[in-house]
């Protein structure tokens, strides 16, 4: 069996809230893969987002990029935010797998700005975000955002928002400023 | 340079291969 190589190696992380540990210690590396076959053997053997404990996250990032703002690959970047409402939970698993397939299949063509993606499973509404490395690279951001909406089959009226990590860090603001919306 | 790109349907088809 010849395995199909991916352009990049990817690491899946799983975060489960545990007040006795720090946020960073709650982030666990699950596995790293660099072929399509190894990707499927991993993803078909783990619980889907809709099956994990509320308050948990999955993150899929290029190898050696940690799923946190502080990482050197993320600190000048931002993310496309896809905010789902409560009754979109049945779609969550499909949206997540479609996001992951965009990443590992390099759907964003000539832009290499993608760092990874995060799915937050939350009671008030789940969120999927795709993180990019440079929030000033408008051409790349718009292309990535468009391909993302296309890859997830999101209707035109369903808006997704790009926000820089620096803006997202501002604690006291309830709503985060978004740089772009498509 | 060249880049290894996979379409969604192609990736989904590989899901069921042994």
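Here is a check on your reading of the model: is residue A:114 crowded, with 20+ Cβ neighbours inside 10 Å, farther than 19 Å from residue B:3 by Cβ and modelled with pLDDT of 95 or more?
The answer is no for residue A:114.
Looking at A:141, A:148, which one is within 17 Å of the chain's Cα centre (by Cα), surrounded by 17 or more Cβ atoms within 10 Å (Cβ to Cβ) and over 21 Å from residue A:75 (Cα atoms)?
Working: A:141 fails: over 21 Å from residue A:75 (Cα atoms).
Of the residues listed, the single one that is within 17 Å of the chain's Cα centre (by Cα), surrounded by 17 or more Cβ atoms within 10 Å (Cβ to Cβ) and over 21 Å from residue A:75 (Cα atoms) is A:148.
Here is a yes/no grid of residues against (1) in contact with a helix residue (DSSP H, G or I) (Cβ under 9 Å, 6 or more places away or on another chain); (2) in a loop (DSSP other than H, G, I, E, B):
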residue: A:1; (1), (2): yes, yes
residue: A:13; (1), (2): no, no
residue: A:21; (1), (2): no, yes
residue: A:30; (1), (2): yes, no
residue: A:60; (1), (2): yes, no
residue: A:80; (1), (2): yes, no
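So which of A:160, A:128, A:182 is under 16 Å from residue A:102 (Cβ atoms) and surrounded by fewer than 20 Cβ atoms within 10 Å (Cβ to Cβ)? First the steps, then the outcome.
On the way: A:160 fails: surrounded by fewer than 20 Cβ atoms within 10 Å (Cβ to Cβ); A:128 fails: surrounded by fewer than 20 Cβ atoms within 10 Å (Cβ to Cβ).
Only one candidate qualifies: A:182.
Are any residues in chain B outside any loop (DSSP other than H, G, I, E, B), under 8 Å from the mean Cα position of the chain (by Cα) and at the interface with chain A (Cβ under 7 Å from one of its Cβ atoms), and if so, which ones?
Taking chain B and keeping what is outside any loop (DSSP other than H, G, I, E, B), we get B:8-15.
In the following step, the residues that additionally are under 8 Å from the mean Cα position of the chain (by Cα) were identified as B:8-14.
Selection gives B:8, B:11, B:14.
Name the residue that is nearest to residue A:70 (Cα to Cα), counting only residues in segment A:94-149 that are away from every other protein chain (no Cβ under 14 Å), touching a residue at least 60 places away in the same chain (Cβ under 8 Å) and part of a helix (DSSP H, G or I).
It comes out as A:141.
Mind listing just one residue for me: the one in segment A:38-60 that is free of Cβ contacts under 8 Å to residues at least 40 places away in the same chain and either surrounded by 17 or more Cβ atoms within 10 Å (Cβ to Cβ) or farther than 20 Å from residue B:14 by Cα (or both) and, of those, nearest to the other protein chains (Cβ to nearest Cβ)?
A:40
The values are calculated or read from the model by the stated rules, or taken from the named source; none is laboratory data. Everything numeric in this text was worked out from a predicted model, so none of it was measured. All Cβ positions, even for glycine, are placed from backbone atoms using ideal geometry, and neighbour counts span all protein chains on display.
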